[in-house]
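Read-outs: derived from the displayed coordinates by stated rules, not from any lab. A quick note: this is a predicted structure, and the numbers were derived from the prediction, not measured. Virtual Cβ from ideal backbone geometry, glycine too; neighbours counted across all protein chains shown.
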């Protein structure tokens, strides 16, 4: 499949329930200093109704949400051993809380080559909404294919 042919490709929406234990584990594993991310009493004292998700937890939700779509890499015939995670950016929306259901949908926004085709770049944008239809964030991801 031609690299440019994946531009505009969208995944089907996928949903996942946000689990408190996963967020607590993520917060501790990433060294979050603020106790609101793993201590419910601290979160409530700070005005939260439930544990809030740490800032980059959206990436974990995207990885864990079940999907039946063929990946862009598979469509391009790329061996996963030949990819590098080039860049990840986040645009934050409403706070994600334990107990929310987050729906994610990705779209390839660009694909290009450098170094005479030795390196291929696939740029995607993933939008996320909660069960109320509110935007909880957007991720911009760059994969490099060797």
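Can residue 36 be described as crowded, with 16+ Cβ neighbours inside 10 Å, on the phi < 0 side of the Ramachandran plot and within 17 Å of the chain's Cα centre (by Cα)? I'd like the intermediate steps shown before the answer.
Working: crowded, with 16+ Cβ neighbours inside 10 Å: yes; on the phi < 0 side of the Ramachandran plot: yes; within 17 Å of the chain's Cα centre (by Cα): no.
Against the criterion (crowded, with 16+ Cβ neighbours inside 10 Å, on the phi < 0 side of the Ramachandran plot and within 17 Å of the chain's Cα centre (by Cα)), residue 36 does not qualify.
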Contact list, first residue from the stretch 132-144 and at positive phi and touching a residue at least 12 places away in the same chain (Cβ under 8 Å), second anywhere and buried (at least 20 other Cβ atoms within 10 Å of the Cβ) and in a loop (DSSP other than H, G, I, E, B), beta-carbon distance below 9 Å, six or more apart or interchain, is 137/96
Can you tell me which residue in the stretch 1-19 is farthest from residue 94 (Cα to Cα), limited to those that are surrounded by 13 or more Cβ atoms within 10 Å (Cβ to Cβ) and in contact with a helix residue (DSSP H, G or I) (Cβ under 8 Å, 6 or more places away or on another chain)?
6
I want to confirm something. Restricting to the stretch 59-89 and keeping residues that are touching a helix residue (DSSP H, G or I) at 6+ places or on another chain (Cβ under 8 Å) and surrounded by fewer than 16 Cβ atoms within 10 Å (Cβ to Cβ), which single residue is farthest from residue 142 (Cα to Cα)?
64
Enumeration of residues in the stretch 57-75 that are touching a residue at least 24 places away in the same chain (Cβ under 8 Å) and more than 11 Å from residue 26 (Cβ to Cβ):
62, 65, 66, 67, 68, 69, 72, 73, 75
State all residues of the stretch 108-144 that are out of contact with any helix residue (DSSP H, G or I) (no Cβ under 9 Å at 6 or more places or on another chain), over 22 Å from residue 82 (Cβ atoms) and surrounded by 16 or more Cβ atoms within 10 Å (Cβ to Cβ); if no residue qualifies, say none.
125, 127, 129, 130
